[in-house]
Amino acid sequence: MLMAHDRIVFQFPLYWYSVPPLLKKWLDDVLMPGFAYGEGGDKLAGKDLQLLVSVGGRHRFYNGFDIFCTIPDLLRPFQLTANLTQMNYLSPEWMYGADSASQEVIEQHGHRWVAMIDDPRRSNPRQYLYEEMSADTGADQQEVNSQQVF
């Protein structure tokens, strides 16, 4: 199944700053030498790896300050796995407060994630990030321009 697709998406909740045990077991069982890495292990080379993560905690608990770390810090093993397996590691996406989010908020994230997964521009992560940052800069400037300072 992995070989039949160009983009592999893992959607999972973080539990105690890690992936669910069943996903970890799957990774250990499937990403074997000769298949995913090592001699002859190029079956995933060039495929995109996208992570979509739900987090129960609030943003302030993942800000990287003091005793906390960031979500990208926690997902670094996936980036290293993508490097080892010659996959393209796409910028991960996550949702804070998932355990207390309303159905509407969850559906909004879901719709946005589906649109993002289907976007072919994501296969070139640097170009996509550049385009998204350029679009955000324009929106940020419009927001600043629309605010009145008292």
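We did not get these values from a lab; they are worked out from the coordinates using the rules stated. Fair warning: this is a prediction, and the values are worked out from it, not measured in the lab. Heads up, the Cβs are rebuilt from the backbone with ideal geometry, glycines too, and the neighbour counts pull from every protein chain shown.
Structure values in brief
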read-out	value
Local net charge near residue 90, Cβ-Cβ under 15 Å (Lys/Arg +1, Asp/Glu -1)	0
Between helix 125-146 and the chain: long-axis angle, C-alpha atoms, 0 to 90°, nearest 10	10 degrees
Exposure proxy order (Cβ contacts within 10 Å, fewest to most) of 3, 87	3, 87
Degrees separating the helix 21-30 axis from the principal Cα axis of the chain, which is the longest one	40 degrees
Matching label, Kirkwood radius over Cα pairs in Å computed from the structure shown, candidates (1) 17.4; (2) 18.2; (3) 16.0	(1)
Chymotrypsin sites (Phe, Trp or Tyr not before Pro) within segment 45-106, DSSP loop, no more than 13 other Cβ atoms inside 10 Å	65, 68
Hydrodynamic radius of segment 9-94 per Kirkwood, over alpha carbon pairs, in Å	13.8 Å
Principal-axis tilt of helix 103-118 within the chain, Cα atoms, nearest 10 degrees	60 degrees
Residues 58, 7 arranged by fewest to most Cβ contacts within 10 Å	58, 7
